[in-house]
1. What is the angle, in °, between the Cα long axis of helix 78-87 and the longest principal axis of the Cα atoms in the chain? Nearest 10 is fine, range 0 to 90.
2. With 10 angstrom as the radius, rank 120, 93 by how many other C-beta atoms surround their C-beta, starting from the fewest.
3. Arranged from highest to lowest average of other beta-carbon atoms within 10 Å per residue, in what order do the peptides 159-167, 140-148 appear?
4. What residue among 47, 115, 81 shows peak mean-square fluctuation when the chain is described by a Gaussian network model with Cα springs under 10 Å?
5. Once you treat every alpha carbon in the stretch 35-116 as an equal point and sum by Debye, what is log10 I(q)/I(0) at q = 0.11 Å⁻¹?
6. When every alpha-carbon pair in the chain is counted, what percent end up more than 23 Å apart?
7. How many angstrom lie between the Cα centre of the stretch 114-145 and the Cα centre of the stretch 156-189?
8. Only bridges with both residues in the chain count here: give the DSSP antiparallel percent, nearest 5.
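Derivation of every value follows stated rules applied to the coordinates shown; laboratory data play no part. Note that the structure is a prediction, hence the values are computed from the model and not measured. For neighbour counting, all protein chains shown are included, and Cβ atoms are generated from backbone atoms with ideal geometry for every residue, glycine included.
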């Protein structure tokens, strides 16, 4: 299998890759991270939300590599529940503005240390979780204070492949990205 080199690999400092290497739990916010942060409502009050398909595959690749994926969101949404079910994500905590507390509750059921946790969020409710996690990640369209305290700010915006970028960072830092990509690079029979 040909070796792959992620186009961001040279832009990820060694210190960042060192923080990403031990990650065993990756937790993500939804609005502003998995979506663009906009909320759309129909005239009848139905909520609409867009999820990026690139992000979904990245999350599946993390799980296939043995990394637990969790979602912690301040809103309750049937759409979010459906999307996470479709992706096979079982750790979904909705209606949680206290993201750090929610993350700590989740971690208390696992054998995971803070330095083995990545958290990706974009606004003030995410800030305590970003600071608690061993690897805090945010997006360029996130709140400035989240950007200031995160270890990494993706190049892609929230809802535009930022989650996939974070997943690739973690997988590449653990030397698992080539394996995750291998089946897509197999020669034609």
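1. 20
2. Values: 120 31, 93 18.
Lowest count first: 93, 120.
3. Details: 159-167: 24.7, 140-148: 16.8.
Ranked by mean Cβ neighbours within 10 Å, highest first: 159-167, 140-148.
4. 47
5. For the stretch 35-116 at q = 0.11 Å⁻¹, log10 I(q)/I(0) is -0.35.
6. On the way: 6724 of 17766 pairs.
Here the long-distance tail beyond 23 Å is 38 percent of all Cα pairs in the chain.
7. Each part reduced to its Cα centre gives a spacing of 21 Å.
8. Details: 2 of 18 bridges.
For the chain, the DSSP antiparallel bridge percentage is about 10.
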